[in-house]
Amino acid sequence: MSLPPRHAAAPQAIELRVRGRVQGVGFRPTVWRYARELGLAGEVLNDADGVLVRVAGSEAAISALILRLQNKPPPLARIDGIEISAFVDALPDEFRVAESAAGRAHTQVAPDAAICAACAEEIVDPFARRYRYAFANCTHCGPRLSIMQAIPYDRTSTTMAPFGLCGACDAEYRDPADRRFRAEAISCHACGPKAALVRLDGRPTSFDQHSMLDDVDAVCGLIQKGEIVAIKGLGGYQLACDAGNAATVGRLRQLKRRDAKPFALMARDLDLIRRYCAVSDEEARQLTGPQAPIVLLRAEGPERLPEAIAPGLATLGFMLPTTPIHLLVLRRMNRPVVMTSGNLSDEPQAIDNADARERLAGIAAYALAHDREIANRIDDSVVRVMDKRARVLRRARGFAPAPIGLPEGFAGSPELLAFGGELKATFCLVKDGEAILSQHQGDLEDGATYYDYLKSLALYRDLFGHAPIALVADRHPEYLSSKLARERARSEMLTLIEAQHHHAHVAACLAENGRSLAAPAVLGIVLDGLGWGNDDSLWGGEFLLADYRRFTRLATFKPVPLPGGSQAAREPWRNLYAHLMAEIGWPAFAMNFSELELHTYLMGRPRATLDAMIKNGINAPRASSCGRLLDAVAAALDICRDRQAYEGEAAARLEAIVDEHALRHEDESLAYPFTMPKLRDCGLPYVEPLAMWHALLGDLILRTPGPVIAARFHKGLAKVIVSMAKKLARQDDGDAIRFDTVALSGGCFQNRILFEEVVRRLGAENFVVLSHAHVPAGDGGLALGQAAIGAAHLIDEDC
Ligand SMILES: [Zn+2]
Ligand SMILES: [Zn+2]
């Protein structure tokens with residue numbers, strides 16, 4: 001960008017229009033500070049489109065200001081563009097922060113941010129005003145979405161409204177030189193919220209208060225003694241206990257009725273995490289960034305935690321203290337702490353004190369409560385570094401509701417609302433060419449979660465002043481989100497657009513990679529559990545030639561019955577049995593593999609019932625699912641054979657046991673073979689696992705170790721996926737290339753080994769590979785794809 005031509009030394013006045021996330025993030029005081037340092041005159045103000053900077057001074061100083069804003073913006077800001085124009089009116093000699101220009105503020109809602117270094121230092125400094133203050137924050141950190149009740153973002157529309165500012169806080173709030181200038185959540189010991197330790201079991205408080213600094217400090221002592229403590233965190237209550245205490249961890253599992261899902265961990269600092277996990281540079285960057293998510297790390301280090309933290313997995317999910325409360329509680333803890341959501345099983349976590357008292361009393365004897373209300377429930381986000389890039393697996397605290405810019409071609413989209421899927425649901429608003437994806441809502445089949453989803457829909461509509469003309473839903477007839485969208489479209493007379501599940505996955509991947517609306521179609525490879533197909537059957541391992549507007553199903557996985565329907569998803573042995581029957585049949589299996597323990601196991605199951613279901617097609621829908629194939633293979637290795645406690649457990653454990661040496665160094669010929677014949681009824685090529693099963697069962701006879709079998713299976717699966725892509729890239733009848741780009745999506749690609757193997761092999765075949773990083777590959781990203789499909793549809797209609 002260049003300045004209007006003038007003589008370099010001559011003073012001039014210009015106006016900078018700064019767009020992006022520039023309000024509520026300390027942008028004006030930063031400009032103020034830079035301008036003063038550079039000796040510039042003028043002013044800075046907020047208006048409906050962002051921030052306006054009007055400056056007068058030498059060209060060199062103005063250039064320096066622009067450069068500094070671009071290179072060193074405030075930590076939570078995101079500059080999307082700076083436009084420069086000449087300014088002719090008079091400007092104040094002393095640079096100032098002017099009042100906001102009139103007009104409705106552009107509705108920007110910043111995500112919550114982890115405590116910044118400056119605030120972290122203050123609360124441990126005995127001479128600072130906010131020493132041990134559990135709610136310290138500034139314009140660079142602290143709560144945003146979690147306390148917002150309405151727009152515009154000022155104190156009166158947050159749950160900080162009941163707390164009037166004391167004189168000292170008020171002075172900081174008004175001083176542009178202070179990092180708390182216009183920090184809406186500003187407070188201190190004198191005027192702000194207070195934390196208090198309470199007993200949930202009704203008994204008198206018995207902890208030794210005299211040896212503790214305050215209630216927050218007492219929590220540390222209780223945790224060290226083996227207690228489970230409920231802590232009111234940023235976006236909801238959490239349950240904390242000593243992660244090194246196997247008995248307490250076991251008790252927490254039992255009381256929370258959470259039998260296998262891994263617990264998240266929090267540790268004082270990176271050094272402590274490194275005692276238990278390998279941490280790469282990128283992983284460290286994620287842990288210490290303002291989003292401060294849970295990062296899945298490889299569990300390897302000099303020390304071990306009890307198996308009950310993450311049963312059967314080779315990873316641990318760690319985060320660093322995200323708020324002053326967490327920092328103060330963990331300060332003296334020399335061991336990691338379990339920091340899991342404050343709920344029973346799959347319910348949403350408690351957010352208010354009364355609810356916590358009622359629901360958590362049976363789990364935790366104590367609660368660290370406080371009197372700042374949580375306006376919006378927000379879970380911790382989860383990130384995993386795969387193929388050297390951080391991939392968001394659960395997008396919530398720290399990430400939502402930061403807008404995702406839609407690619408070229410989408411600028412003219414009308415406002416619309418996409419309702420997402422059913423499990424790990426999110427929803428997505430389109431407004432002003434941007435997609436606003438909600439925080440992770442959870443599984444809608446849980447009543448309380450569904451209620452929360454409705455509440456969030458209403459809140460987002462208000463926060464963003466959103467008036468959709470169309471609603472987008474998954475084609476599934478039974479998803480609660482789809483039913484809701486259909487009902488609302490009817491009652492509010494809005495256009496209803498239905499998006500196919502796997503098409504939406506591909507579109508999400510295209511959108512987050514900035515693929516333009518006019519770009520040619522790609523091959524979308526979508527591997528997940530189940531989604532409703534266009535032929536009204538269940539899909540879940542799909543090769544789609546797709547752009548935002550349409551898709552053609554080019555190939556699939558073998559459709560295999562799911563005996564027992566949804567029960568088959570919970571009980572992997574059912575998929576294993578269905579696979580073996582579809583491929584080999586009982587007589588051949590019994591004849592060749594009767595010496596296997598697996599044979600004895602299946603003999604003991606109700607085979608006749610399953611056979612009848614499969615034969616008569618009763619409660620045994622066929623599904624071309626990659627997820628269910630992974631379940632079946634896991635079950636063959638006796639992983640979660642009887643049942644899995646959470647979606648994807650069997651596949652996650654199968655990934656966890658992979659022998660990486662075998663994966664990398666064994667001869668390619670040992671990878672299990674798959675073939676690619678065509679389906680009889682429709683001629684569609686499909687991934688046929690018959691040869692894989694023979695090789696796998698043969699390895700079981702040879703007593704090949706499970707980790708080696710798992711490695712050969714992953715490698716074989718990656719190979720056939722890439723072979724299929726190569727085969728599909730060329731038209732049946734000629735040499736014309738159909739696509740040169742492949743987009744990977746679906747929950748199965750959260751499996752690091754499968755993902756990295758597929759990416760590496762596609763790269764070796766010179767495909768351009770698009771994958772997820774900012775939104776989940778699983779159903780948490782679905783709503784973004786639905787939104788893009790809906791927008792493309794509406795833009796076309798308009799033409
Ligand atoms: Zn701060
Ligand atoms: Zn104060």
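The values are calculated or read from the model by the stated rules, or taken from the named source; none is laboratory data. These figures come from a predicted structure and were not determined experimentally. Every residue, glycine as well, gets a Cβ built from its backbone with ideal geometry; the counts of neighbours run over all protein chains shown. The accessibility values were calculated without ligands, DNA or RNA, using every heavy atom of the protein model including side chains. Shrake-Rupley method; radii C 1.70, N 1.55, O 1.52, S 1.80 Å.
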For the chain, the dipole about the Cα centre with charges only on Cβ (Lys and Arg +1, Asp and Glu -1), to the nearest 20 debye, works out at 880 debye
Mean shadow area (nm²) of the C-alpha convex hull around the range 211-359 is 8.6 nm²
Which ³J(HN,Hα) values in Hz, rounded to whole numbers, follow from the phi angles of the range 304-315 under the Karplus curve 6.51 cos²θ - 1.76 cosθ + 1.60, where θ = phi - 60° and Gly and Pro get x?
-> 10, 10, x, 4, 5, 5, 9, x, x, 10, 9, 10
On the accessible surface of the range 244-311, probed at 1.4 Å with all protein chains in place, carbon and sulfur together account for a percent value of 47 percent
Quick one: putting +1 on the C-beta of Lys and Arg, -1 on the C-beta of Asp and Glu, what dipole do you get for the range 636-774 around its Cα centre, in Debye to the nearest 20?
-> 80 debye
Tell me, what does the Kirkwood hydrodynamic radius of the range 358-515 come to in angstroms if you use every pair of distinct C-alpha atoms?
-> 17.1 Å
Are there trypsin sites (Lys or Arg not before Pro) in the range 221-313 that DSSP marks as loop and that have at most 16 other Cβ atoms within 10 Å, and which are they?
-> LYS225, ARG257, ARG275, ARG304
Taking the chain as the region of interest, what is the percent of Cα-Cα pairs per 10 angstrom bin, listed from the shortest bin to the one with the maximum distance?
-> 2, 13, 21, 24, 20, 12, 6, 2, 0, 0
Filtered hits (lysines, Cα-Cα < 19 Å from LYS678, offset >= 8 within chain) -> LYS558, LYS719, LYS726, LYS727
So if R0 is 41 Å, what FRET efficiency would ALA190 and GLU83 give, r being the distance between their Cβ atoms, rounded to the nearest 0.05?
-> 0.40
Taking the alpha carbon gyration tensor of the range 447-571, what are the square roots of 5 times its eigenvalues, largest first, to the nearest whole Å?
-> 27, 22, 13
Can you list the lysines whose alpha carbon sits under 29 Å from that of LYS455, skipping same-chain ones fewer than 8 residues off?
-> LYS194, LYS232, LYS256, LYS261, LYS424, LYS431, LYS483
Whole-Å distance linking the alpha carbon centroid of the range 743-799 with that of the range 258-297 is 26 Å
Pairwise FRET efficiency - THR288 versus ARG199, Cβ, R0 = 35 Å, nearest 0.05 = 0.50
Along Cα→Cβ, 7 Å out, is where each label goes; now give me the distance between the ones at LEU690 and ARG17 in nm to one decimal.
-> 6.6 nm
Give the calculated FRET efficiency between LYS615 and ASP259 to the nearest 0.05, with a Förster radius of 51 Å applied to their Cβ-Cβ distance.
-> 0.90
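Computed over the Cα atoms of the range 154-265, what is the convex hull's projected area averaged over all directions, in nm²?
Projected area, direction-averaged: 10.2 nm².
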For the chain, the longest principal axis of the Cα atoms and the Cα long axis of helix 607-616 enclose an angle in degrees, to the nearest 10, of 80 degrees
Around ALA582, what is the net charge, scoring Lys/Arg as +1 and Asp/Glu as -1 over all other residues with Cβ under 13 Å from its Cβ?
-> +2
Relative to the first principal axis of the alpha-carbon coordinates of the chain, what is the inclination of helix 572-583, with its axis defined by its Cα atoms, in degrees from 0 to 90 and to the nearest 10?
-> 50 degrees
Counting alpha carbon pairs within less than 8 Å and at least 6 residues apart, what relative contact order, in whole percent, applies to the chain?
-> 11 percent
When the Cα atoms of the range 521-677 are enclosed in a convex hull and the volume is divided per residue, what value in Å³ results?
-> 149 Å³
Calculate, in nm to one decimal, what ALA60 and SER723 gain on full extension: separation in residues at 0.36 nm each, minus their alpha carbon distance.
-> 232.9 nm
Nearest 5 is fine: what % of DSSP beta bridges in the chain come out antiparallel, could you say?
-> 70 percent
Output the Kirkwood hydrodynamic radius of the range 622-683, Cα pairs only, in Å rounded to one decimal.
-> 13.8 Å
What residue among LEU406, PRO587, ILE639 has its Cα farthest toward the positive end of the dipole of the chain, where the charges are +1 on Lys, Arg and -1 on Asp, Glu, each on the Cβ?
-> ILE639
Work out Dmax and Rg for the range 533-594 from the C-alpha atoms and quote the Rg first, both in angstrom.
-> 15.5, 51
Find how many whole Å separate the alpha carbon centroid of the range 530-599 from the alpha carbon centroid of the range 630-678.
-> 15 Å
Amide H within-cut-off set for LYS431, under 5 Å, with H built and near neighbours excluded = ILE436
What net charge is computed for the residues neighbouring ASP474, neighbours being all others with C-beta under 12 Å from the C-beta of ASP474, Lys and Arg scored +1, Asp and Glu -1?
-> -1
Return the tail of the calculated pair distribution for the range 574-652, meaning the percent of Cα-Cα pairs more than 17 Å apart.
-> 47 percent
Once the other residues with Cβ under 11 Å from the Cβ of ALA128 are scored (Lys, Arg +1; Asp, Glu -1), what is the net sum?
-> 0
Does anyone have the angle between helix 706-729 and the longest principal axis of the chain? Alpha-carbon axes, 0 to 90°, nearest 10?
-> 80 degrees
HN-Hα J couplings of the range 630-639 from phi, Karplus 6.51/-1.76/1.60, θ = phi - 60°, integer Hz, Gly and Pro as x?
-> 4, 4, 5, 5, 4, 4, 4, 8, 6, 9
Mind checking Rg over Rh on the range 310-409, alpha carbons, Kirkwood formula for Rh?
-> 1.01
Using distinct alpha-carbon pairs, which all enter the 1/r mean, Kirkwood radius of the range 664-735 in Å | 13.5 Å
List, in order, the whole-Hz ³J(HN,Hα) value for each residue of the range 246-258 obtained from phi through the Karplus relation with A = 6.51, B = -1.76, C = 1.60 and θ = phi - 60°; use x for Gly and Pro.
-> 4, 5, 5, 4, x, 5, 4, 4, 5, 5, 7, 6, 10
What is the list of residues in the range 534-577 whose amide nitrogen lies under 11 Å from a point 7 angstrom out from the Cα of MET676, following Cα to Cβ?
-> 555-556
